[in-house]
Structure formats: C-alpha cells, structure tokens
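Report on the following structure.
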Amino acid sequence: MSTLVGAWEANADDWTVWARQPGHDSYWTFHRDVFLGLIPPPAGLALDVGCGEGRVARDLAEAGHRVVALDAAPTMARRAAEAGGLAGVLRADATALPVSDAAVDLVVAFMSLHDMDDMAGAVREIGRVLRPGGRLCFAVVHPLNEAGSFATDALDAEFVIAGDYFARRRTTWAQEKNGMRMTFEAMHRPIGDYFAALAAAGLRTEALREVRAGGGRWRRIPWFVDARAVRP
C-alpha cells in the first residue's frame, strides 16, 4: 500500500481545485471560523504543518502571522508557494521538521494529522520545535464520524458503527460536489491516540472542541475535533 503522502500527491491537483472554491466545503461554511477562534494572536514564527495547497496558511498570514508552510507532497508545496503571501514554503516531512529546537511560537496542523502515517512522530517533532509557551492548534476528522454512517437519509436515521471503533485502519472515500471530484485518504485512529501523542511530546491540552455541522442529521454527530495544546 502506498504512503498517505503518495496518495495525497496523486490527488493534489483535484484538492487544489476543491479547496480553492469559496463556499464549497466545510472549511468555508463553518469550520474555518471555529478553528481560527483557537489561534493565539500573532507572535514570532508560525508553522503550518501539512499545509496542502495553503488556504489555512494564507488566512493566518492575512491575520498578521508570519507563516512558513510545509508539506511532504511536492505538488502541494508547489501550489502553496505559487499562491504567495507567506514567509516561506518548504517541502518537508512532518516527522523531520527542518527547524531548530524551541524556535516556533505556533504550529498549526489543520486537517493533516490524520493524513500522516506516523502521526505520533509528527507530534513529537512539533513538541521539539515549539518554544516554552508555544502552542499547537490542530483539527482532525472526528474518529466517531469516520467510524460510522447513517443507516438511511432520513433526518432521524440511526448512526451505525460497523466493526471496531478502536481498530486503526486506512480509509478511502470519494466525494463529488458541484462538478468537482475528490478522493480523500486518511488513517482512522481512536481519539485517544491523538491526546496520548500530545502527552508523550510534553504538550498539555488546554482547549478541545467537537465541531458539528449547522443542520440536518449530521448535526447529531461531531464532524471534527479541534484542539489547542501548549508546551509548558
């Protein structure tokens, strides 16, 4: 099986079109504002780890942050660099960040940790580069959302988890919307894995949000986990 980096590289052009269509997906309709509410004020250097085509990094830069964006997929890094507006863009693996110890004030990993084969290794590296008092703000697909589905399209349909929620596994799903098609690939992990990785990296969780959609049956299930952790 290919690495998750390879899978996202294969879908990088589709993702760029998908992500840059305003109003198209959850980022534009509700998730961006919720996530940005976790971000501390601009101070020093901010890293966007797993930046994709760079929309989060650009929003942070527009808010006054000095942002260096990183992605392991070469096309993703190239698309982020082409869009401009950032202090720098690097092709780099999250498990080997090209940054000195304790050099960063803020790390953002928006919807990227679940797209990494070695999530715990990436969080360990993030802990290394954060200065004391520096923060990691991240968002992932809520593992409960990813583990199940509604039995029917009815508003009161049961949400069913088939199989073992705790089993770690590669997931792939395709979505088509407004004439655009995107294949998403990720690693399903129970929610405890993320917070165990934070603790092992010496990071203390200080905020946690379970984000849900605005209406319909999906409002009954959390879509995302957004969290902020600090290096003491």
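Each reported figure results from applying straightforward, stated rules to the coordinates on display, with no laboratory input. Everything quoted here is computed from the prediction, not taken from an experiment. Every residue, glycine as well, gets a Cβ built from its backbone with ideal geometry; the counts of neighbours run over all protein chains shown.
Summary table
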read-out: Fewest-first sequence of 101, 71 by Cβ atoms within 10 Å of each Cβ; value: 101, 71
read-out: Estimated vicinal HN-Hα couplings, Hz - the range 68-79 in sequence order (Karplus 6.51, -1.76, 1.60; Gly, Pro = x); value: 10, 9, 9, 8, 7, 7, x, 5, 4, 4, 5, 5
read-out: Highest-first arrangement of 89-100, 17-28, where packing means the average Cβ count within 10 Å; value: 89-100, 17-28
read-out: Student exercise, the range 4-230 dipole from Lys, Arg, Asp, Glu Cβ charges, in Debye to nearest 20; value: 400
read-out: Phi to ³J(HN,Hα) by Karplus 6.51 cos²θ - 1.76 cosθ + 1.60 over the range 215-232, Hz, x for Gly, Pro; value: x, x, 5, 5, 5, 7, 10, x, 7, 9, 10, 10, 8, 10, 10, 10, 8, x
read-out: Amide hydrogen neighbours beyond the local backbone of residue 69, cut-off 5 Å, H modeled; value: 48, 88, 89, 90
read-out: For the chain, share of DSSP beta bridges that run antiparallel, in % to the nearest 5; value: 60
read-out: Other-chain or far-sequence residues with amide H under 5 Å of residue 43's (modelled H); value: 66
read-out: Relative contact order computed over the chain (Cα-Cα under 8 Å; 6+ residues apart), in percent; value: 19
read-out: Segments 133-139, 157-163 sorted - mean Cβ within 10 Å per residue, highest first; value: 133-139, 157-163
read-out: For residue 117, distant residues with modelled amide H under 5 Å away; value: 4, 5
read-out: Between the range 1-55 and the range 82-117, the Cα center-to-center distance that results, in Å; value: 12
read-out: ³J(HN,Hα) computed for each position of the range 25-42 - Karplus, 6.51 cos²θ - 1.76 cosθ + 1.60, integer Hz, glycine/proline x; value: 10, 5, 4, 6, 7, 7, 6, 4, 5, 5, 5, 4, x, 8, 6, x, x, x
